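First up is the structure itself, then whatever we jot down about it.
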Number of protein chains: 2
Amino acid sequence: MRKVTVFVTLKQGVLDPQGKQIQASLNSLGFQEVEEVRVGKYMELTVEDGPNLAVRVHEMCEKLLANPVIEDYRVELEEAEVL
Amino acid sequence: MRKVTVFVTLKQGVLDPQGKQIQASLNSLGFQEVEEVRVGKYMELTVEDGPNLAVRVHEMCEKLLANPVIEDYRVELEEAEVL
């Protein structure tokens, strides 16, 4: 069993209204030092190990987890923790 | 200017219906090896540097970015890239 972490972020230049709103809220709460906020998704997958794991995970990102038109993604594979 | 990354994840034991749905969708797309998906948020903040930056960012998390009752958060401070 492997743990896979996927980060999905908006491409540079794509507007991020959610991030903009969080920035405005932080500013109005007294955190004036915040200049920009960009929001992304973070997914932890527990996956059965296989020979093409990295390729399969990239397929998952292209097909479902990210929208390649407006989003970038990054994949990190790590050994599952032994509990 | 510093770049700060905030990861917000659901605490262990808290149900994650969004992750469950993504897992089911991946399974039905042919990715049967996916056993669990947990979804979190990932935020990149661009913040003006100051003496208490780490403390301030933790305050932001407690007040707005995370819900400490059901979510954990993790903060990474890094030097802003020179463009």
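The table that follows gives values for the structure above.
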read-out	value
Filter result for A:Tyr73 (of a type in the set (Phe, Trp, Tyr), in contact with a Phe, Trp or Tyr (Cβ under 8 Å, 6 or more places away or on another chain) and within 22 Å of B:Val47 (Cβ to Cβ))	no
Number of positions in segment B:65-75 that are open to solvent by less than 80 Å² (accessible area, probe 1.4 Å) and touching a residue at least 40 places away in the same chain (Cβ under 8 Å)	7
Residue ID - surrounded by the fewest Cβ atoms within 10 Å (Cβ to Cβ), chosen from residues in segment B:1-29 that are of a type in the set (Gly, Ala, Ser) and either facing chain A (nearest Cβ under 9 Å) or closer than 19 Å to B:Glu62 by Cα (or both)	B:Ser25
Single unsatisfied condition, A:Glu78 versus (1) under 30 Å from B:Arg2 (Cβ atoms); (2) open to solvent by less than 40 Å² (accessible area, probe 1.4 Å); (3) in contact with a strand residue (DSSP E or B) (Cβ under 7 Å, 6 or more places away or on another chain)	(2)
Residue within segment B:41-64 that is within 14 Å of the chain's Cα centre (by Cα), open to solvent by 70 Å² or more (accessible area, probe 1.4 Å) and more than 8 Å from every other protein chain (Cβ to nearest Cβ) present	yes
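The values are calculated or read from the model by the stated rules, or taken from the named source; none is laboratory data. Since this is a predicted model, take the numbers as computed values, not measurements. Every residue, glycine among them, receives a Cβ derived from its backbone with ideal geometry; neighbour counts consider all protein chains shown. Calculation scope for accessible area: heavy atoms of the full protein, side chains included, ligands and nucleic acids excluded. Shrake-Rupley method; radii C 1.70, N 1.55, O 1.52, S 1.80 Å.
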